[in-house]
Amino acid sequence: MTTKWLPDLSKSLWRVSGFRNLWLSQTVTLFGTSVTLLALPLVGLFFLDASAFEVGLLWAVEYLPIVLVGLPVGVWVERLPLRTVMVVADIGRAVALLAVPFALWLDFLSMPLLYAVAFMIGLGTLFFDVAQLSILPDLVDEDKLVDANGKLELSRSVAQIGGPGVGGFLVQVLTAPLAILADAITYLASAYFVVFIKGRPRAAPATEKVNLRGEIREGLRFVFGHPLIRPLLLCATLAELAFAAVLALQVVYAADVLLMNPAVIGVVLAIGNGGGVLGALVAEPFARKFGTGTAFMVAIVLFTAGSAILPMSVGPVSFGAGLFVVFLGAYIFNVLQVSLCQAVTPSHLLGRMNSVFRFATWGVIPLGAAGGGLLVEPIGLQGVFWIAAALNVLSFFPPLFSPIPRMRDYT
């Protein structure tokens, strides 16, 4: 009897202990972070009577480390053991979060303290993310990178769907400060899993350390001089700028323009995030069947088409469908982009390549969110969503006029 339809478990990434622990580390962290995204603003609102501006500033401060040290982080990470960087980042985030319930208990909780906590969370996340992206090629074979990144992105998408519900439940049952304490525990659990990550780092070529600016320039030259990485960076940055405006205003659009009630909005957003789950699942088999270049271009068409559906939506069905298509394309693109960049980057430049990507793509998120908010008054919510769709159309051109569409494999 044939068993060709059965998966080859001997080749499964779940049998690779280093990847398995990395996946566990990220997954538990993502769910914990979803709790804090809800709980930290609620601490400011309910315990400090914070204004809407102060709560919005709390969100923006978390992205400040990217602007301040986004590029040097890549150099620093390359000079240090990657597991150590990840463990220290996890412990640092846990300690920062523990300050909130302790400050409340000791009666010196304040908004400046919450801003400091948000800054430390953002700083730890930046270091952890760059180190995690850099260590993955040490843990799995090159031909398994797409599969590995798909599994990691799947965790992210599932956390985006289930995390807010878990966070709301914990805030309701434990109160916001104790829910933050629970998130601190998830960071400690993540550090525990990182300690047990095993893998043989690839041998980096001997390079003479130069000054920080020189190494940053070397990373920038590599990224912007590479015929595959440069167009992907330009595409991702334009798309993130557009998505930031959409994600910042999607609830307002659903409530004020489409007149949805909170329960319906929750269902619609969950459906939209479901597209991310599907995208993470199909990225690897789709690229294998049709070729990496085709998969990239289809992914961009999908998230561009989805973003165009949003301003044309007349109700929850069309709005949810638009979000679903946006996330479907975005997650396929993310899985393939991360995998390709890891595969074509020399090991001694992985940290800098990843930090350049984070600096550009995460750095435009506050700009997109703030810019979208400022444009609501003169052109309306629908106008902002059309601008986001136009930015996604522009994101199509850098990969189109590059070798990417002709790629069959990413290696």
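Laboratory data are not the source of any read-out in this text; all were calculated from the coordinates shown. Since the structure is predicted, the reported quantities are computational estimates derived from the model, not experimental observations. In this analysis, Cβ positions are derived from the backbone assuming ideal geometry, glycine residues included, and neighbour counts consider all displayed protein chains.
Expressed in nm to one decimal, what extension gain is obtained for the pair ASP409 and VAL173 from 0.36 nm per residue of sequence separation less their Cα-Cα distance? Numbers along the way, then the final one.
Numbers: separation 236, 0.36 × 236 = 84.96 nm, distance 4.93 nm.
Length gained, ASP409 through VAL173: 80.0 nm.
If you look at just the Cα atoms of the chain, how large are its Rg and its Dmax in Å?
Both quantities, over Cα of the chain: 21.0, 70 Å.
With label points built 7 Å along Cα→Cβ from the Cα atoms of VAL195 and VAL251, find their separation and express it in nm.
Distance between label points: 3.7 nm.
Note down the nm distance, to one decimal, between modelled labels 7 Å out along Cα→Cβ at LEU278 and at SER51.
A separation of 4.4 nm, rounded to one decimal place.
Between the stretch 240-269 and the stretch 86-136, how far is it from one alpha carbon centroid to the other, in angstrom?
Between the Cα centres of the stretch 240-269 and the stretch 86-136 lies a distance of 28 Å.
Taking the Cα centre of the chain as origin, sum charge times position over the Cβ atoms of Lys and Arg (+1) and Asp and Glu (-1), and report the length of that vector in debye to the nearest 20. If you can, show how the numbers build up before the last one.
Numbers: 24 positive and 23 negative charges, 262 e Å.
With Lys and Arg at +1 and Asp and Glu at -1, about 1260 debye.
Contour minus end-to-end for VAL314 and VAL267, with contour as 0.36 nm per residue of separation and end-to-end as the Cα-Cα distance?
15.3 nm
Between PHE102 and TRP14, how high is the FRET efficiency from 1/(1 + (r/R0)^6) when r is the Cβ-Cβ distance and R₀ = 41 Å? Nearest 0.05. Write down the numbers at each step before the final one.
On the way: r = 38 Å, r/R0 = 0.93.
Given R0 = 41 Å and the Cβ-Cβ separation, E is 0.60.
At a 10 angstrom cut-off on C-beta neighbours, averaged per residue, how do the peptides 352-362, 291-301, 310-320, 376-386 rank from highest to lowest?
Top to bottom by mean Cβ count within 10 Å: 352-362, 291-301, 310-320, 376-386.
Could you give the length gained on full extension between GLU142 and VAL69, defined as 0.36 nm per residue of separation minus the Cα-Cα distance, in nm?
23.3 nm
Report the Cα-based extents of the stretch 210-411 along its three principal axes, largest first, to the nearest Å.
Dimensions of the stretch 210-411 along the principal axes of its Cα atoms: 56, 40, 27 Å.
Give the aspartates and glutamates whose C-alpha is closer than 16 Å to that of LYS289, dropping any in the same chain fewer than 8 places away, or say none.
ASP143, ASP147, ASP409
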